[in-house]
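Inspection log for the structure reproduced underneath, given as structure tokens.
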Amino acid sequence: MTSALIHVNGLKAALPLRADLEAAGIQVLGVASERAKLLQEVVRHAPDVVICDETTPDDALFRATLSIALTAPCPLIVFTNDLDAAYIARAIESGIHAYVVQGYGANRLRPLIHLAQARFRHEQAQRNALQDVTTRFEERGLVERAKGILMRARQVSEDEAFQVLRTVSMHTNQRLGQVAQQIIHSARFAEDVNRCGQLRMLSQRLVKLYGLQLAGVHTVKNAQQAQDSVQRIDANLAHLGKSLSHATYGDLLGQVVQTWARLKPALLAAHVSSVQASAMVLTDELAEQLLQGAERLTSQLESAGLAPPLRVLNMAGRQRMLSQRFAKYAVLGMLGDSAWTQRCDEGMVESKAAFEQALTYLNSLPLSTPDIHSALQAAGLGWLTMVECARDAGRLPGAERLTGLQSLATASEDLLEVFEQLSSHYECSMQVLAGT
């Protein structure tokens, strides 16, 4: 049996209409006499049709019917005595399916309800068809963007990228558009996580290079590496400022930017020949603040990305930082007094333990490709080489120590390059991009 909700101005006015509907075999679920609560009553009763008996319709009625059409769509009929053609046009725009002037006739109720229901079904079918076309069009754009990401990341052709999308779609039982959206989403978060991870590493690399200059290891290569690190931090902060939501991450990114604004001048002072080793303490403290700020931001991005492989990417990026942190402490430990040396020794022990634990974890993961496997092997060998260089440099006397420090610097940069490649491999891996 068809159900109806009646809306009239006043309960007494509803009596004839209610009786006529029931006589026509229509179940009346209730009468809503307050227009302000009409939508609420429609949601509560969920009728097959809403019938309004309005002698003189007004803007309030049309606002109410439009709210129903947008919130709880159903067939809408309005009976009225108003012949104003402008109101007829308003009725169509406001989601009304049958606008009947000069009242109703009891014998016409059922045909009019059937008409309103037919128009409602037709309207819904058209809306669904339009939504389907819109969705397909939007998904086509997403697929094109995802293909471009895969082509760059995986170095494959357009056809091969599309085949990757189809394969993931079948394996995950998702539409192509859903897979494409996931890849776009994951790629953006993966890049942001990688850039934040670079900030952590660069904070330690710069202090290492600062310490090498204080130790007298003035090489063109070290100076260029320091300049490159400063430029990379500036570029990464500029990118993150555009990529990240200010409302969500603005406070965290702002802290990093403020710390960098204090650290950058101190690091640039390392190029001045008269700089004193006493400035090393303040510089390292600021670098630690930059490291902690970047760590907080990276952790939040990893969590927000909703892709478990982002944790692996974050961990691989953190290995870059730990390698430079270990080398930094090895260099600075040869420059300060006994208290400073003890602090650096403790830092080396802590960094070494964290690095080796993470390296063991990364080697145990199923997330691997030939490139990742080779990079992890190279990372293990590079780590052993750097640790040995640090040990040897600490034992060498006088002028020979400069040679040892340069060997340590070279080994740390070689290891950093391996982890830069490894982070890139993880960032471009299918598991990270697809969020699986």
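The values are calculated or read from the model by the stated rules, or taken from the named source; none is laboratory data. From a predicted model like this one, the values you see are computed outputs, not experimental measurements. Please note: Cβ atoms are built from the backbone with ideal geometry, for glycine as well, and neighbour counts cover all protein chains shown.
Scanning segment 33-63 for residues that are under 16 Å from Thr2 (Cα atoms) and outside any strand (DSSP E or B) yields a total of 5. Summed over segment 365-387, the residues that are touching a residue at least 12 places away in the same chain (Cβ under 8 Å) and in a helix (DSSP H, G or I) give a count of 12.
The numbered conditions (1) more than 18 Å from Leu301 (Cα to Cα); (2) in a helix (DSSP H, G or I); (3) touching a residue at least 24 places away in the same chain (Cβ under 8 Å) are all true for Val217 except (2). What about Val101, is it of a type in the set (A, V, I, L, M, F, W, C) and touching a helix residue (DSSP H, G or I) at 6+ places or on another chain (Cβ under 6 Å)? When the stated conditions are applied, Val101 does not pass them. The listed residues are Phe62, Phe79, and the only one of them that is in contact with a strand residue (DSSP E or B) (Cβ under 9 Å, 6 or more places away or on another chain), among the aromatic types (Phe, Trp, Tyr), surrounded by 18 or more Cβ atoms within 10 Å (Cβ to Cβ) and touching a residue at least 12 places away in the same chain (Cβ under 8 Å) turns out to be Phe79.
Within segment 1-45, restricting attention to residues that are charged (D, E, K, R) and out of contact with any Gly (no Cβ under 7 Å at 6 or more places or on another chain), which residue is nearest to Leu112 (Cα to Cα)? Restricting to residues being charged (D, E, K, R) and out of contact with any Gly (no Cβ under 7 Å at 6 or more places or on another chain), the top hit is Asp20. Quick check on segment 239-246. Is at least one of its residues outside any helix (DSSP H, G or I), at pLDDT below 80 and loosely packed, with under 14 Cβ neighbours inside 10 Å? No, every residue in segment 239-246 fails to be outside any helix (DSSP H, G or I), at pLDDT below 80 and loosely packed, with under 14 Cβ neighbours inside 10 Å. Only one of the numbered conditions (1) surrounded by 15 or more Cβ atoms within 10 Å (Cβ to Cβ); (2) more than 28 Å from Ala23 (Cβ to Cβ) is not met by Ile96, and that is (2). Assigned to a loop (DSSP other than H, G, I, E, B) and under 24 Å from Arg90 (Cα atoms) - does that describe any residue in segment 12-32? No, every residue in segment 12-32 fails to be assigned to a loop (DSSP other than H, G, I, E, B) and under 24 Å from Arg90 (Cα atoms).
Within segment 114-143, the set of residues being surrounded by 14 or more Cβ atoms within 10 Å (Cβ to Cβ) and under 24 Å from Gln178 (Cα atoms) comprises Glu139, Leu142, Val143. The set of residues in segment 195-221 that are surrounded by fewer than 24 Cβ atoms within 10 Å (Cβ to Cβ), polar (S, T, N, Q) and touching an Asp or Glu at 6+ places or on another chain (Cβ under 9 Å) contains only Gln198.
Considering the conditions (1) under 18 Å from Phe120 (Cα atoms); (2) touching a Lys or Arg at 6+ places or on another chain (Cβ under 9 Å), Leu66 is excluded by exactly one of them, (2). Residues of segment 349-366 include at least one that is within 19 Å of Cys428 (Cβ to Cβ) and not aliphatic (A, V, I, L, M).
Sort out which residues of segment 369-395 are charged (D, E, K, R) and either modelled with pLDDT under 85 or surrounded by 15 or more Cβ atoms within 10 Å (Cβ to Cβ) (or both), and write them in order of number. Residues satisfying the conditions are Asp371, Asp392, Arg395.
In summary, Met315 fulfils each of the numbered conditions (1) more than 30 Å from His246 (Cα to Cα); (2) in contact (Cβ under 8 Å) with a residue 24 or more places away in the chain with the single exception of condition (1). For the residues Ala116, Ala85, the requirement of being aliphatic (A, V, I, L, M) and touching a residue at least 60 places away in the same chain (Cβ under 8 Å) singles out Ala116.
Residue-level check: of (1) touching a residue at least 12 places away in the same chain (Cβ under 8 Å); (2) closer than 21 Å to Tyr329 by Cα, Thr248 misses just (2). A single member of Asp59, Asp48 is of a type outside the set (A, V, I, L, M), more than 15 Å from Ile113 (Cα to Cα) and modelled with pLDDT of 85 or more, and it is Asp59. Of all positions in segment 396-406, at least one carries a residue that is crowded, with 18+ Cβ neighbours inside 10 Å, of a type in the set (S, T, N, Q) and either in a helix (DSSP H, G or I) or out of contact with any strand residue (DSSP E or B) (no Cβ under 8 Å at 6 or more places or on another chain) (or both). Scanning segment 197-230 for residues that are charged (D, E, K, R) and at pLDDT 90 or above returns Arg200, Arg205, Lys208, Asp228. For segment 104-147, the tally of residues that are more than 30 Å from Ala161 (Cα to Cα) and small (Gly, Ala, Ser) stands at 5.
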